[in-house]
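These notes concern the structure reproduced below.
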Amino acid sequence: MKILIVGINYAPEPIGIGPYTKDFATFLAASGAEVSVVSASPYYPQWKVLSGFSRFTYKSTHEDGVAITRCPIYVPANPTGLRRIIHHFSFVLSAFIPVLVRALFGRPDAIVAIAPSLMSAPLARLAGRLVGARTWIHVQDFEVEAAFATGLVDRQSRVARFAGAFQTWALRGFDRYSSISPQMCAKLSGMLPASARVLEVRNWADPGMIEGERNDAYYRRAWGLHGKHVALYSGNVSRKQGIGIIMDAARKLRHRDDLVFVICGSGPEMKHLVDDARDLSNVRFERLQPREHLPSLLALASVHLLPQIRDAADLVLPSKLTNMLASGRPVVVTASAGTGLAREAEGCGLVTPPGDVDAFASAIEAIIDRPDQRDGFGKAARRRAIDRWSKPAIMGAVKEELAELGPPQHAKIVRERTALN
């Protein structure tokens, strides 16, 4: 089977959607599919094109069995609402010819669009219609609603009305739909005709977190954390994380000599965070660590911190949660009761209301001061990661669905094999 994937993010971006798109592509390639990808030059989460890639030229490579075309892209240093729109539109423009060339000459059986960027979804749909390929859109993030929730776009503005109308139009006309949590699937279904087929395709835990060695000795020694409890946040630092609450909690708990807050990340809000913590001796900032060291880094935590602003809890299920749970450490999450994020974290740590600094700080203290509870939460977290976020199970289901989705001959073969088994 031939598959073309269109998405703005791809490895070597270390976090976010990029690693999952790469895993998606390489898993299918290893399973025998002929896979090609059209993506942008890597830039996330630093919002700066990585060394070895260009903002102005194309780059074609063949990596892990996947043919990749990386397209030039405008990357704003300060990604405000309008600049993000231009950023995404620049990818659509630069990807237009490569997508059509891959489709017309490669003749894929299926074309998969990854959102974000939603702007590129119509391009994937057009390419599918031109060559008779089936189409699938996978929604990692409701970017329009997230822009409203974080204040990047005023809900009452003319831009907001246009964005909402564009989202409705861009999502229509695909053969399959998927998203990463039950709540996001339900939201997606509400935007589509009743006949649309929407599947849940979770972001899997990093296999290294499940199978690899987790030893935090190096980081404790290198960062001077011997004998300290660590409240850890690792990942992108942006508005929808609501990460400022961590600084507020650190300020409330600065009297505790046994606790250090470690922020290990990158993103547009990092500078503001560092400025806010200038008077705090119990906060340590570090760069994102290599992905291969992730098991040891996450093992450093006595408790993982996952803040989220109130209106974003059902717009995206943070991919970092899967590896937090797989690390076997408890979490403190900010989410309103009943939201998807709250339900995923229940039993694996404590959930506090978004923006409630007192509750957030108290939850951190409660976990580090109660070792039996901390261990119980950690064991429950690891079990949940194994049960819900197994990569082979998730991708195996995707592979079967793609085969069913493909041209008639593929679907017929799948049905015959199923009958024989």
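Which whole-number percent is the relative contact order of segment 27-115 (Cα, under 8 Å, 6+ apart)?
Relative CO of segment 27-115 lands at 26 percent.
Can you list which of the DSSP-assigned H helices in the chain have a Cα extent of 24 Å or more along the long axis and an average Kyte-Doolittle score of at least -1.0?
Length and hydropathy pass: 81-106.
Please report the relative contact order for segment 207-388, taking Cα pairs under 8 Å with a sequence separation of at least 6, and give it as a percent rounded to a whole number.
For segment 207-388, the relative contact order is 23 percent.
Can you give the three extents of the C-alpha atoms in segment 207-388 along their principal axes, from longest to shortest, in whole Å?
Its Cα atoms span 42, 38, 32 Å along the three principal axes.
With 31 Å as the limit, write out which pairs from K187/K228; K59/K399; K187/K399 have Cα-Cα distances beyond it, or answer none.
Pairs exceeding 31 Å: K187/K228.
Considering Cα pairs under 8 angstrom that are at least six residues apart, work out the relative contact order of the chain and quote it in whole percent.
Relative contact order of the chain: 13 percent.
Which value, in Å to one decimal place, does the Kirkwood hydrodynamic radius take for the chain when every pair of different Cα atoms is included?
Taking the inverse mean of 1/r over all distinct Cα pairs, the chain comes out at 22.2 Å.
Every read-out reported here was derived from the displayed coordinates using simple, explicitly stated rules and does not represent laboratory data. As the structure is a prediction and not an experimental result, all values here were calculated from the model.
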